[in-house]
Amino acid sequence: MRPWPVDPHPAAGREGFAAWPRRLQEARLTRRRAAAVRRLSVLVAALFGWAASQVAVPPGAGEVRASETRRSAIVEAVARVKSAVVNIHGEKTLAPGEAPVGTADSDRRVNGMGTGAIIDERGYILTNHHVVDGVSEIHVTLTDARQYTARLISHDPATDLAIIKIDVPSKLDIVPIGISSDLMTGETVIAIGNAFGYEHTVTRGIISALHRTVQVGDTQKYEDLIQTDASINPGNSGGPLFNIDGDMIGINVAVRVGAQGIGFAIPIDKALEIATDLMSSRRITNTWHGIVAASADKTNVDAGVVVRAVDVQSPAAKGGLSAGDRIVRVGDVAIGRPIDVERAFLDHHAGEQIEVAVSRDGQEQVVELTLADLPDALRGGNGPAWELLGLKLSPLSTKQFQRYRSRYRGGLSVTAVRPDSPAAKQGIRRGDVLLGLHVWETISLDNVDYVLGRPDLSELMPLKFYVLRGSELFPGYMHVGSTNRAATH
């Protein structure tokens with residue numbers, strides 16, 4: 001039973017106890033009004049909730065939105081790209097020469113970490129070679145915390161780049177790719193990576209300098225790097241460097257030990273050129289299309305892709321493609337960069353017909369291209385260089401070699417590399433020039449035969465090599481033995 005409403009001071013005032021019935025009625029009216037207000041509030045809230053549900057909410061928007069003044073260009077860029085950045089980690093075993101003397105086998109196993117950028121919606125990821133080199137099981141974590149085990153597709157130790165792949169049930173977001181030919185010293189950049197294991201760490205800074213050369217140890221040298229003061233820490237390797245628009249303009253690769261605010265990245269133009277070769281169908285599946293593609297204008301990301309050349313008697317030549325054609329589409333893949341051409345041919349096999357749409361003289365044409373197996377002539381031939389190294393080599397005339405403007409006397413052109421060979425594992429690729437093996441120059445095929453035919457060859461392991469790529473020299477080491485011999489054709 002509810003108590004009667006009483007005045008705090010019943011004896012006070014002129015009305016006294018006579019006012020109780022009126023006050024009781026007023027109290028009842030007050031309670032009714034309060035109940036009505038509560039019911040109206042519930043109804044209004046429900047109506048507003050229904051109305052809000054009819055309004056499209058941007059993905060990722062929470063119940064409380066930050067003020068627009070806080071949504072800076074950096075915030076917008078990070079929101080645009082973070083889903084295309086992955087964290088990489090795994091365990092690797094140090095080689096005897098890398099571990100301290102007397103180290104137990106269990107102590108030679110170390111945890112590695114790095115970062116990668118998704119460059120194909122099927123799960124192809126670009127990262128640094130040193131991030132995945134020697135890792136027995138590569139673990140990849142996406143921004144939504146999904147985890148996958150990746151496999152190494154191809155790699156190039158000379159430039160420290162690699163392609164890995166995860167198998168996913170649905171399409172992934174691809175990192176937006178910019179150009180590095182128009183970079184400006186002083187412009188803002190953003191790094192996202194697995195810094196010290198802290199996943200998807202965002203740092204920002206500026207481009208401190210361009211065209212830097214950095215020597216890392218005796219066998220690794222980077223040239224033409226971007227220098228930045230954006231914090232790049234262990235674990236950032238292989239991750240993207242973005243401009244303020246959220247376009248990837250570099251691959252983070254190194255830091256200056258003992259210094260603050262000095263990090264380096266491979267320019268994206270160079271990284272994409274290498275990635276295109278790493279993802280080529282002739283390299284991964286030994287299939288042949290015969291298209292040599294190039295950017296129509298390297299300074300304009302929207303310029304498109306043209307056919308620079310067509311291999312003789314190739315599927316592209318038989319299909320009617322010609323140098324100068326602008327490639328619009330391959331299959332269902334729109335072509336914007338040369339790497340898109342190779343992406344389009346992945347997962348297709350010899351004998352499959354693929355439509356290629358090109359623009360010629362202002363008119364769009366569609367040609368049918370039938371993929372073929374890579375001819376033996378392009379895979380390589382017999383001989384010690386092919387059997388032991390996996391290289392098909394061709395002599396260069398003095399005039400041809402002079403085009404490289406090198407201080408060396410000469411070399412041999414690499415015309416083919418056998419997949420999974422010692423040379424392929426060290427990133428040597430078609431178009432490189434082999435300058436020397438161990439302490440001997442390789443100007444002629446006889447020079448190579450001499451080195452590989454030495455009775456003490458096993459004592460020279462790992463065999464040091466020197467490769468010229470453009471104007472850059474890449475030294476490295478590869479293990480050669482009788483187990484590396486390929487079956488003759």
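Using beta carbons and a limit of 6 Å, which pairs, at least six apart or on different chains, have the first residue in the stretch 201-215 and of a type outside the set (Val, Ile, Thr) and the second one part of a strand (DSSP E or B) and modelled with pLDDT under 95?
Once the first residue is of a type outside the set (Val, Ile, Thr) and sits in the stretch 201-215, its partners that are part of a strand (DSSP E or B) and modelled with pLDDT under 95 give His211/Asp224; Gln215/Lys221.
Can we say Ser322 is touching a Phe, Trp or Tyr at 6+ places or on another chain (Cβ under 6 Å) and farther than 22 Å from Gln215 by Cα? Give the steps one after another, and end with the answer.
Values: touching a Phe, Trp or Tyr at 6+ places or on another chain (Cβ under 6 Å): no; farther than 22 Å from Gln215 by Cα: yes.
No: the conditions fail for Ser322.
Do we have Ala254 as among the small types (Gly, Ala, Ser), part of a strand (DSSP E or B) and crowded, with 22+ Cβ neighbours inside 10 Å here? Give the steps one after another, and end with the answer.
Values: among the small types (Gly, Ala, Ser): yes; part of a strand (DSSP E or B): yes; crowded, with 22+ Cβ neighbours inside 10 Å: yes.
Yes; evaluated as a whole, the condition is true for this residue.
In the stretch 315-335, which residue that is of a type in the set (Val, Ile, Thr) and crowded, with 21+ Cβ neighbours inside 10 Å is nearest to the chain's Cα centre (by Cα)? First the steps, then the outcome.
Taking the stretch 315-335 as the starting set, the residues that turn out to be of a type in the set (Val, Ile, Thr) are 327-328, 330, 333, 335.
Within this subset, residues satisfying the condition of being crowded, with 21+ Cβ neighbours inside 10 Å are 327, 330, 335.
Numbers: Ile327: 23, Val330: 22, Ile335: 18 Å.
Per the stated criteria, the residue is Ile335.
Which members of the stretch 257-284 meet the condition of being not aromatic (Phe, Trp, Tyr) and not in a helix (DSSP H, G or I)?
Step one: filter the stretch 257-284 for residues not aromatic (Phe, Trp, Tyr), giving 257-263, 265-284.
Of everything in the stretch 257-284, those that are not aromatic (Phe, Trp, Tyr) and not in a helix (DSSP H, G or I) turn out to be Val257, Gly258, Ala259, Gln260, Gly261, Ile262, Gly263, Ala265, Ile266, Pro267, Met279, Ser280.
I'd like to verify a number: residues in the stretch 165-192 that are under 30 Å from Asp420 (Cβ atoms) and in contact (Cβ under 8 Å) with a residue 12 or more places away in the chain, how many? Show your work before the answer.
From the stretch 165-192, those under 30 Å from Asp420 (Cβ atoms) are 165-169, 171-172, 174-175, 177; that's our starting set.
Filter once more, keeping what is in contact (Cβ under 8 Å) with a residue 12 or more places away in the chain: 165-168, 171-172, 174-175, 177.
Looking only at that region, the number is 9.
Taking the condition of being surrounded by fewer than 19 Cβ atoms within 10 Å (Cβ to Cβ) and touching a strand residue (DSSP E or B) at 6+ places or on another chain (Cβ under 7 Å), how many residues in the stretch 185-198 meet it?
First, pick out the residues of the stretch 185-198 that are surrounded by fewer than 19 Cβ atoms within 10 Å (Cβ to Cβ): 185-188, 196-198.
Those left that are additionally touching a strand residue (DSSP E or B) at 6+ places or on another chain (Cβ under 7 Å): 185-188, 197.
Residues that pass the stated criteria total 5.
May I ask you to verify whether Ile125 is within 25 Å of Glu273 (Cβ to Cβ) and either without any contact (Cβ under 8 Å) to a residue 60 or more places away in the chain or outside any strand (DSSP E or B) (or both)? Explain how you work it out, then say what you get.
Details: within 25 Å of Glu273 (Cβ to Cβ): yes; either without any contact (Cβ under 8 Å) to a residue 60 or more places away in the chain or outside any strand (DSSP E or B) (or both): yes.
Judged against the criteria, Ile125 is a match.
Being of a type in the set (A, V, I, L, M) and in contact with a Lys or Arg (Cβ under 8 Å, 6 or more places away or on another chain) is true for just one of Leu321, Leu346. Which residue is that?
Details: Leu321 fails: in contact with a Lys or Arg (Cβ under 8 Å, 6 or more places away or on another chain).
Matching residue, one of Leu321, Leu346: Leu346.
Can you name every residue in the stretch 285-310 that is under 20 Å from Ala424 (Cα atoms) and assigned to a loop (DSSP other than H, G, I, E, B)?
Taking the stretch 285-310 as the starting set, the residues that turn out to be under 20 Å from Ala424 (Cα atoms) are 285-288.
Selection gives Thr285, Asn286.
Yes or no: the stretch 156-164 includes at least one residue that is among the hydrophobic types (A, V, I, L, M, F, W, C), crowded, with 24+ Cβ neighbours inside 10 Å, in contact (Cβ under 8 Å) with a residue 12 or more places away in the chain and in a loop (DSSP other than H, G, I, E, B).
Of all residues in the stretch 156-164, those among the hydrophobic types (A, V, I, L, M, F, W, C) come to 158, 161-164.
Right, trim to crowded, with 24+ Cβ neighbours inside 10 Å and you get 158, 161-164.
In the following step, the residues that additionally are in contact (Cβ under 8 Å) with a residue 12 or more places away in the chain were identified as 158, 161-164.
If we keep only those that are in a loop (DSSP other than H, G, I, E, B) too, we end up with 158.
Yes - at least one qualifying residue is present in the stretch 156-164.
The values are calculated or read from the model by the stated rules, or taken from the named source; none is laboratory data. Values in this document were obtained by computation on a predicted structure and should not be read as measured data. Here the Cβ is made from the backbone with ideal geometry for all residues, glycine too, and neighbour counts use every protein chain on show.
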